[in-house]
1. Taking amide H positions as placed 1.01 Å from N in the peptide plane, with prolines and chain starts having none, which residues 5 or more places from LEU137, or on another chain, fall under 5 Å of its amide H?
2. Computed FRET efficiency, Cβ-Cβ of GLU101 and ASP79, R0 22 Å: what is it to the nearest 0.05?
3. Regarding the stretch 47-133, what whole-number volume in Å³ per residue does the convex hull of its Cα atoms give?
4. Suppose the chain between LYS69 and GLU118 were pulled fully straight at 0.36 nm per residue; how much longer would it get relative to their current alpha carbon spacing?
5. In nm, to one decimal, how far is the modelled label at GLU90 from the one at SER148, with both set 7 Å along Cα→Cβ?
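Any read-out appearing in this document is the output of simple, stated calculations on the displayed coordinates, not a laboratory observation. As the structure is a computational prediction, the values presented were derived from the model and not from experiment. Glycine also receives a Cβ, built like all others from the backbone with ideal geometry; neighbour counts cover every protein chain displayed.
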Amino acid sequence: MGISAVFSACNAGRVCRAEMIYSCHWPKALGKTGDATAHLGYNISMKPIYSDHIRLDERSLALHGLIAKKVRDNPALLDKARDNLRRWQESNESPSLAFAEWAQILTNPVDQVAQFLEERSERANRLRQSSPFCGILSESERRAIYESFTTRTYHPRRESNFG
């Protein structure tokens with residue numbers, strides 16, 4: 001009897017499936033060394049699984065990539081994000097952890113903020129969902145990116161250039 005657990009990890013917009021299979025006799029199999037790695041089998045298949053959530057995360061990353069380029073070119077745009085954040089914090093009755101995180105990020109130098117906007121991490125994905133950078137992109141810039149990420153035009157393996 002074996003037990004299989006499925007894990008997922010995001011790498012460049014791809015979700016990979018890894019199955020960890022172990023024996024029901026696992027404690028006995030450890031033996032004297034206690035080395036579980038010698039007795040655990042890993043079966044990793046790199047079959048990309050694309051979901052609507054990944055498409056939306058990739059779209060947000062593309063939007064913020066263009067914002068990062070504009071912020072590097074014009075650091076004064078960070079003031080707009082800071083103003084948005086301050087206004088949201090004042091109007092929100094309960095403190096928001098995401099707003100506090102953005103406030104800390106916006107104290108960094110321009111290059112570090114821009115680098116974070118382009119970062120592929122769970123934290124960056126989460127914070128891009130409550131981004132204070134609204135109003136930085138023009139309507140035509142936003143529309144072009146949104147159009148390239150519709151379900152009929154989005155191709156996960158295609159490299160896009162929005163800048």
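1. Here the answer is none, since no amide H 5 or more places off falls under 5 Å of that of LEU137.
2. Details: r = 19 Å, r/R0 = 0.85.
It comes out at approximately 0.75.
3. Values: hull volume 8.5 nm³, N = 87.
Output value, Cα hull per residue: 98 Å³.
4. So the chain would gain 16.7 nm between LYS69 and GLU118.
5. Taking the simple label geometry, GLU90 and SER148 are separated by 3.6 nm.
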